[in-house]
Amino acid sequence: MTKMKISFLALILFFFAGIQANNTLPFNTFFIDSVKTKNLENKEVDMPFWVGLHHTYGKIKSNQVFSSLLREKGCNSKTIQAITSNTDVFNVGKITSGTEYCFISSTINDSVTTPRYLVYNEDVASYVVFDLQDENTKVTRYQRPVEVREKIATGIVEGSLWETFDKNNINPVIASQLADVFAYTINFFKVRKDDKFKIIYNEKLINGVSVEVTDIKAVSFQYHGKEYYAFAHEHDGKVDYLDEDGKSMKMRFLMAPVKFSRISSKYNTHRLHPVTGKVKGHFGTDFAASHGAPIYATADGVVSEARFKQYNGNYVKIRHDKTYETQYLHMSKIAKGMRPGAKVRQGDIIGYVGSTGLATGPHVCYRFWKNGKQVDPFKEPDAKAMLLNAAEQKEFVAKIKEIRKDLDAMAYGESKSKELTASVK
């Protein structure tokens, strides 16, 4: 081998060694479409790291064995044994069909050598690097850098809230989080066209791709012409939401036991029964929802009944105190752990929507009991939970002044992401 060839090989090995020392070059971006569209088989790429290297992309096939993948690329039995027996970092027996991988080899005089590295794209957040050297086999898992951006998103409702988010390229997960924030204030079953929203929230991105929406900080929601505000307030390691006056938005009972549903039958003492055809009082509120959707306890309490009855189907009944009880009928199945005496917290899943018992389709019949008598839950006034005293409320209102200013400054429907702050973890 000439001196020039030796120097060039040394340069390649230098870059290979740099991979172990600095995982940010360039494995973090190995499986981004914009990177893969470059001709990585050639040397005509921007990053000097790629010079003299050959890349082979592929996807794990159904029922493919990891050892056969290595063998196909010319790895010897010693290397294969060392890699497959090292399960401390990654168990190769659990490779997933369809997962992307890339072999990295050096090229000398246009000849491709035995792969030096295998990069396995475990998921959007992490990847595993297999060092395929006989004398130095290593398996290392790396986490891709997470960028946190604070954003403002706005929109005007067209169709459903979920459809509006999707149309405006806003992560639809926020819609579910909004339902939690305003669970005691806004009836999301009745959100209608031209209702409006502005949201300040944090978004986690990896390689520019949104992977998680966290920490809704502030919301302005115009519902049926009325403006509602919500601002995050952290205390004792928990986050609650307060209105613009520093008053808690939390109420004792959720407005509904299911999310993103609709009321198909209200509390009515003279309803015509849809199955029997007879006039009989309907002492519950029916929420139509998809089969299998989670049903939530509307308040803290203790399970008093969890069983099957001919007309009720699968149901759960919860006693909240000496005054109030709630009941949830026609479940497809009762959630695990629901039995008499079990304690539940507001928002816990207690079962799943179905049509067992006397029911025409999937829904949950929600019954609300006060002093042993069934009443209409929407006509039961329930005071908001107290959280801050007068001095604390005043301090909170002063604290949210700037963030409310950011909300009010943006027009409804001005759908965009305004980056207020950005950081990398």
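Numbers below:
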item	result
Residues that are among the polar types (S, T, N, Q) and on the phi > 0 side of the Ramachandran plot, drawn from region 174-221	Asn207
Condition met for Gly337 (part of a loop (DSSP other than H, G, I, E, B), of a type in the set (Gly, Ala, Ser) and touching a strand residue (DSSP E or B) at 6+ places or on another chain (Cβ under 8 Å))	no
Region 210-231 residues that are modelled with pLDDT of 90 or more, paired with ones that are surrounded by fewer than 20 Cβ atoms within 10 Å (Cβ to Cβ) and acidic (Asp, Glu) (beta carbon under 7 Å, 6 or more apart)	Ser220/Glu227; Tyr229/Asp243; Tyr229/Glu244; Ala230/Asp243
Candidates Ile216, Ile199, Ile170, filtered to the one that is buried (at least 21 other Cβ atoms within 10 Å of the Cβ) and under 18 Å from Met249 (Cα atoms)	Ile199
Exclusive hit being closer than 30 Å to His55 by Cα, at pLDDT below 80, surrounded by 15 or more Cβ atoms within 10 Å (Cβ to Cβ) and not assigned by TED's automatic domain parsing to the domain that holds Ala232, set Val92, Val128, Val112	Val112
Top-ranked residue of region 317-330 - restricted to ones that are in contact with an Asp or Glu (Cβ under 7 Å, 6 or more places away or on another chain) and either among the hydroxyl-bearing types (Ser, Thr, Tyr) or at pLDDT 95 or above (or both), ranked as surrounded by the fewest Cβ atoms within 10 Å (Cβ to Cβ)	Arg319
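The rows are residues; the columns are (1) β-branched (Val, Ile, Thr); (2) over 18 Å from the mean Cα position of the chain (by Cα).
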{"position": "Lys167", "(1), (2)": "no, yes"}
{"position": "Val173", "(1), (2)": "yes, no"}
{"position": "Ile186", "(1), (2)": "yes, yes"}
{"position": "Phe189", "(1), (2)": "no, yes"}
{"position": "Asp194", "(1), (2)": "no, yes"}
{"position": "Phe197", "(1), (2)": "no, yes"}
{"position": "Ile200", "(1), (2)": "yes, no"}
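Per-residue answers, yes or no, for (1) among the β-branched types (Val, Ile, Thr); (2) at negative phi; (3) in contact (Cβ under 8 Å) with a residue 24 or more places away in the chain:
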{"residue": "Val316", "(1), (2), (3)": "yes, yes, yes"}
{"residue": "Gln327", "(1), (2), (3)": "no, yes, yes"}
{"residue": "Met338", "(1), (2), (3)": "no, yes, yes"}
{"residue": "Asp348", "(1), (2), (3)": "no, yes, yes"}
{"residue": "Arg367", "(1), (2), (3)": "no, yes, yes"}
{"residue": "Asn371", "(1), (2), (3)": "no, no, yes"}
{"residue": "Lys399", "(1), (2), (3)": "no, yes, no"}
{"residue": "Asp406", "(1), (2), (3)": "no, yes, yes"}
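The values are calculated or read from the model by the stated rules, or taken from the named source; none is laboratory data. Because the structure is predicted, anything quoted here is derived from the model rather than measured. Using ideal geometry, Cβ is built from the backbone for each residue, glycine included, and neighbour counts are taken over all protein chains shown.
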